[in-house]
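As structure tokens, the structure follows; a few thoughts come after it.
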Amino acid sequence: MVNEAARTRAAYACDPAQSRGRLHAEPPSPTRNDFRRDCDRIIHSTAFRRLAHKTQVFVFHEGDHFRTRLTHTLEVTQVARSLARALDLNEDLAEALALAHDLGHPPFGHAGERALDRCLEKFGGFDHNAQTLRVVTALERRYAGFDGLNLTWETVEGLIKHNGPLIDRAGHAVGRFRARGVPGVISRQGEVQDLELWTFPSAEAQVAALADDIAYDAHDIDDGLRAELFAAEDLAAVDFVREVLAGIRQVHPNLDPARLSHELIRRLITLLIEDVIAETGRRLQALAPRSPTDVRHAAAAVGGFSPAMADADRAIKGFLYPRMYRHPRIARITNAAEEVICDLFARYAASPQDMPAEWAHAADEDDEADRLRRIADFVAGMTDRYALVEHARLFRSTPESL
């Protein structure tokens, strides 16, 4: 067993021995630190297993080589550990955050999220980050003494705040929560476990969020090329990618398309990771934090891309949005997926008995908001395949494009 005390980490790295603990007290593990234990709990959870059959962009029958939520999660985890290791952060905490970051996603990716958000529009909407919190604090029921996974404060905090503060010091919602306010599940959790929603999260949470961006950029390009939604030549519209392609062709002028794609993705990931390491290292040096608290209370995020790479990141997303996410082929699939989710939600709301017994009983709530939220919990937990099977069982026809 590796002696945790013997590891050398930066002063601003989170230390499992100094964790703020778990909501429900538990005896320590004799063989694992608290953050490693969080990783293991997430990996063994039901929600984690379901990621294997949840869509990233393409639905399951499009082919076995496209990414699912699980393969995306594993790729994010690898990048997060690489960043944490290079920056002398706690790799186990970064891994836990990467492993859990998509547990709240419903079937059919962002299409499913948009559909559930519409279904719950009058009751606060649906947010996959808030749903992740719901999964790890309530919906997983594997332990005799508590609901959820009883993760450490640092892991719960990082899952909720990985994109930055949710409120200001006065308690007003900021950023994307400004219009609707902070989701109720987060506010309620804050009442029993102060997550300091006005501060930045740990450096580990910040690099895990950047790992998600890196994985999205590189691997959605890979899937888009594989699906022939665009060609490598089209990517020359993005200056950063054009320079990488030129470098590849200078050394390997006659690569076949498959090898060219793999070499492009490999180099993009390397360049993005190296940029985050350099820029985050520069910001940390300037801030000179002496503890994780200094990172949380900083005036700005310590993790990030350099200005030039941030521009490249926006350009890549700007390229992918119309050519991939809004491509007519993908739009047909996502529109049909949203229809399936809305149909299921409406059916269960009208006839809770159509759900499995344990869910039908849970949905029999006096409060309408709670009742519909429980139905959303059931739908959000579905895999793509199960949602289609349920739709076929309950309706005369299921969209053919799925």
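What does the net charge come to around I43 if you take all other residues with beta carbon closer than 13 Å to its beta carbon, with K and R at +1 and D and E at -1?
With Lys, Arg at +1 and Asp, Glu at -1, the net is +2.
Considering only protein heavy atoms, what is the solvent-accessible area of I269 at a probe of 1.4 Å, reported in Å² to the nearest 10?
30
Calculate, in nm to one decimal, what H262 and E368 gain on full extension: separation in residues at 0.36 nm each, minus their alpha carbon distance. If you can, show how the numbers build up before the last one.
On the way: separation 106, 0.36 × 106 = 38.16 nm, distance 5.01 nm.
The H262-E368 span can extend by a further 33.1 nm.
Y216 accessible area, nearest 10 Å², 1.4 Å probe?
We get 50 Å² for Y216.
Got a number for the accessible area of H24? Probe 1.4 Å, square angstrom, nearest 10.
Ignoring ligands and nucleic acids, H24 comes out at about 80 Å².
Which order do the peptides 68-77, 136-145 come out in when sorted by mean C-beta neighbours inside 10 angstrom, highest first?
Averaged packing, sorted descending, gives the order 68-77, 136-145.
Using a 1.4 angstrom probe on the protein heavy atoms only, could you order W153, W198 from most to least accessible area? Could you put the intermediate results ahead of the total?
Values: W153 10, W198 85 Å².
Sorted by accessible area, descending: W198, W153.
Explain nothing, just the number: relative contact order of region 94-203, from Cα pairs under 8 Å at least 6 residues apart, as a whole percent.
Working: 131 pairs, mean separation 25.5, N = 110.
Computed value for region 94-203: 23 percent relative contact order.
Please compute the modelled spin-label separation between H252 and E233, points set 7 Å along Cα→Cβ, answer in nm with one decimal.
2.0
Summing +1 for each Lys or Arg and -1 for each Asp or Glu, what net charge is found among the other residues whose Cβ lies under 10 Å from the Cβ of D354? Present the calculation step by step, with values, prior to reporting the outcome.
Details: positive: R347, R393; negative: E390.
That sum, taken over residues with Cβ under 10 Å, equals +1.
Once amide H atoms are placed 1.01 Å from N in the peptide plane, what residues at a sequence separation of 5 or more from G104, or on another chain, have their amide H within under 5 Å of its amide H?
Amide H to amide H, under 5 Å and 5 or more residues apart or across chains, G104 pairs with T132.
Using a 1.4 Å probe over the heavy atoms of the protein chains, calculate the carbon and sulfur portion of the accessible area of region 66-205 as a whole percent.
Details: 2480 of 5060 Å².
Using a 1.4 Å probe with all protein chains present, region 66-205 comes out at 49 percent carbon and sulfur.
What FRET efficiency do you get for R49 and V192 if R0 is 25 Å and r is their Cβ-Cβ distance, rounded to the nearest 0.05?
Values: r = 28 Å, r/R0 = 1.11.
FRET efficiency, R49 to V192: 0.35.
In debye to the nearest 20, how big a dipole does region 118-203 give about its Cα centre with +1 on each Lys and Arg Cβ and -1 on each Asp and Glu Cβ?
On the way: 11 positive and 10 negative charges, 79 e Å.
Charge dipole, region 118-203, about its Cα centre: 380 debye, nearest 20.
Among S19, H361, A86, flag the residue with its Cα farthest along the positive direction of the charge dipole of the chain, charges on Cβ as +1 for Lys/Arg and -1 for Asp/Glu.
After comparing all options, I get A86.
Per residue of region 366-377, what does 6.51 cos²θ - 1.76 cosθ + 1.60 with θ = phi - 60° give for ³J(HN,Hα)? Whole Hz please, x for Gly and Pro, Karplus curve as stated.
Ordered by residue, 3J(HN,Hα) equals 5, 7, 4, 4, 5, 5, 6, 5, 5, 5, 4, 4 Hz.
Run lengths n ≥ 4 of DSSP H only: what is the helix-derived mean residue ellipticity at 222 nm for the chain, with -39500 (n - 2.57) per run over all residues, to the nearest 500? The partial results should precede the final answer.
On the way: 17 runs with 219 residues, N = 402.
Result for the chain, helices only: -17000 deg cm²/dmol.
I'd like the distance separating the alpha-carbon centroids of region 38-54 and region 256-296, in whole Å.
26
Once you place label points 7 Å from the Cα toward the Cβ at A349 and Q18, how far apart are they in nm?
With each label placed 7 Å out from Cα toward Cβ, I get 4.8 nm.
For region 364-385 and region 199-240, write down the distance between their C-alpha centroids in whole Å.
Using only Cα atoms, the two centres lie 32 Å from each other.
Which one is right for this structure if Cα extents along the principal axes in Å is calculated from it: (i) 57, 47, 36; (ii) 94, 51, 38; (iii) 61, 52, 44?
The calculated read-out lines up with (iii).
Grab the beta carbon distance between F146 and R323, set R0 = 41 Å, and tell me the FRET efficiency rounded to 0.05. If you can, show how the numbers build up before the last one.
Working: r = 46 Å, r/R0 = 1.13.
So, using R0 = 41 Å, E works out to roughly 0.35.
What list of ³J(HN,Hα) values in whole Hz, one per residue of region 96-104 in order, does the Karplus curve 6.51 cos²θ - 1.76 cosθ + 1.60 (θ = phi - 60°) give from phi, with Gly and Pro shown as x?
4, 5, 5, 4, 9, 5, 10, 4, x
In percent, how large is the relative contact order of the chain, given Cα pairs closer than 8 Å and 6 or more residues apart?
Details: 569 pairs, mean separation 82.0, N = 402.
Result for the chain is 20 percent.
Between rounded, prolate and oblate, where does region 290-378 land on the alpha carbon gyration tensor, with a ≥ b ≥ c its root eigenvalues, rounded for a/c under 1.5, else prolate if a/b exceeds b/c?
Values: a/c = 4.97, a/b = 1.51, b/c = 3.28.
Oblate, since a/c reaches 1.5 and b/c is not below a/b.
Largest first, what is the accessible-area ranking of H105, H252 with a 1.4 Å probe?
The most accessible residue leads, giving H252, H105.
Once both labels are modelled 7 Å past Cα along the beta-carbon direction, what's the H297-I277 spacing in nm?
3.1
Take L197, L116 and sort them by solvent-accessible surface of the protein heavy atoms, 1.4 Å probe, largest at the top. Display every interim value, and only then the final one.
Numbers: L197 25, L116 0 Å².
Order by accessible area, largest first: L197, L116.
The values are calculated or read from the model by the stated rules, or taken from the named source; none is laboratory data. Just so we're clear, the structure is a prediction, and the values are computed from it rather than from any experiment. Counting neighbours? That spans all protein chains shown, and the Cβs are built from the backbone with ideal geometry, glycine included. Protein only, heavy atoms only, side chains kept; ligands, DNA and RNA dropped before computing areas. Shrake-Rupley method; radii C 1.70, N 1.55, O 1.52, S 1.80 Å.
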